[in-house]
């Protein structure tokens with residue numbers, strides 16, 4: 001889906017002068033807020049931003065001071081899984 005945003009020219013120029021792509025900046029902001037509000041999953045963020053791996057998503061979150069939505073229940077579930085030895 002294509003979404004069109006109308007930015008005032010001075011804001012678009014400001015973003016561009018900082019070396020930022022205004023479209024990518026808006027997409028990343030949407031992704032971050034979607035994840036923070038739990039409307040979007042980590043996998044959806046990965047696909048939305050074109051990342052190949054979860055580690056890239058984690059790096060993106062780290063860069064923007066966003067914590068993973070990982071509960072104590074998630075930890076308990078992970079600890080209960082047998083370790084695979086590959």
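Only the coordinates and a few stated rules stand behind these numbers; no lab work does. Just so you know, these numbers come straight off a predicted model, no measurement behind them. Note that each Cβ is placed from the backbone with ideal geometry, even for glycine, and that neighbours are counted across all protein chains shown.
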Selection over region 45-62 where residues are under 22 Å from residue 15 (Cβ atoms) and exposed (fewer than 10 other Cβ atoms within 10 Å of the Cβ) yields a count of 1
Which one of these is surrounded by 12 or more Cβ atoms within 10 Å (Cβ to Cβ) and more than 11 Å from the chain's Cα centre (by Cα): 28, 33, 20, 42? 20
By residue number, the members of region 35-66 that are within 22 Å of residue 1 (Cα to Cα), free of Cβ contacts under 8 Å to residues at least 24 places away in the same chain, in contact with a helix residue (DSSP H, G or I) (Cβ under 7 Å, 6 or more places away or on another chain) and in a helix (DSSP H, G or I) are 45, 46, 48, 49, 57
Residues in region 3-11: is at least one surrounded by 10 or more Cβ atoms within 10 Å (Cβ to Cβ), without any contact (Cβ under 8 Å) to a residue 40 or more places away in the chain and part of a helix (DSSP H, G or I)? yes
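In region 67-86, which residues are in a helix (DSSP H, G or I) and either touching a strand residue (DSSP E or B) at 6+ places or on another chain (Cβ under 6 Å) or surrounded by 10 or more Cβ atoms within 10 Å (Cβ to Cβ) (or both)? Step through it out loud before you land on a result.
Looking only at region 67-86, we keep the residues that are in a helix (DSSP H, G or I), and these are 72-80.
Across region 67-86, the qualifying residues are 74, 75, 77.
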